[in-house]
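Input: a single structure, listed below in structure tokens.
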Amino acid sequence: MSTYVSLINWTEQGIRDFRHSVKRAENLCTLVDGVGGTVRELLWTVGEYDAVVVVEFPDDESGLAALLQVGSAGYIRTTTLRAFNSSEMNAVISKAT
């Protein structure tokens with residue numbers, strides 16, 4: 001499974017409907033599960049981003065499909081980063097040397 005970190009900002013629609021943000025997060029978890037992924041952590045934040053989610057997907061295509069579905073609802077915009085744990089990073093380093 002590949003790990004992704006998404007930095008989330010609410011859109012105007014999202015902030016107007018903030019009262020349902022927990023329910024939308026539950027829907028996100030269901031969506032991610034449906035494509036074979038796992039939400040490892042979802043946190044609402046104060047500062048530049050409104051939330052952060054750490055997700056694992058079986059492949060890039062599943063991750064992109066889920067992000068497209070979530071984004072198309074119009075409540076959030078995401079900046080998504082591919083993340084590597086230490087064993088994955090060791091494998092990358094061994095290929096680079």
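The values are calculated or read from the model by the stated rules, or taken from the named source; none is laboratory data. Just so it is clear, the structure is predicted and the values come from calculations on it, not from any experiment. Note: ideal-geometry Cβ built from the backbone for every residue, glycine included; neighbour counts use all protein chains shown.
Here are a few things to note about the model shown:
- Any pair with Cβ under 6 angstrom, 6 or more apart, that starts in the range 68-97 at a residue that is in contact (Cβ under 8 Å) with a residue 60 or more places away in the chain and ends at one that is among the β-branched types (Val, Ile, Thr) and part of a strand (DSSP E or B): Ile76/Ile8; Thr78/Ile8; Leu81/Val5; Ala83/Thr3; Ala83/Val5
- Enumeration of residues in the range 55-69 that are out of contact with any Leu (no Cβ under 8 Å at 6 or more places or on another chain) and either of a type in the set (D, E, K, R) or surrounded by 13 or more Cβ atoms within 10 Å (Cβ to Cβ) (or both): Val55, Glu56, Phe57, Pro58, Asp59, Asp60, Glu61, Ser62, Gly63, Leu64, Ala65, Leu67
- Only a single item in (1) in contact with a helix residue (DSSP H, G or I) (Cβ under 8 Å, 6 or more places away or on another chain); (2) at pLDDT 95 or above is not met by Leu43, and it is number (1).
- Among the residues making up the range 55-97, those that are part of a loop (DSSP other than H, G, I, E, B) and among the hydrophobic types (A, V, I, L, M, F, W, C) are Ala73, Phe84.
- Output for the range 15-52, where each listed residue is polar (S, T, N, Q) and in a loop (DSSP other than H, G, I, E, B): Thr45
- Residues that are within 23 Å of Glu12 (Cβ to Cβ), in contact with a strand residue (DSSP E or B) (Cβ under 8 Å, 6 or more places away or on another chain) and among the aliphatic types (A, V, I, L, M), drawn from the range 67-97: Leu67, Val70, Ile76
- Selection status of Glu12, surrounded by fewer than 16 Cβ atoms within 10 Å (Cβ to Cβ) and more than 23 Å from Arg82 (Cα to Cα): yes
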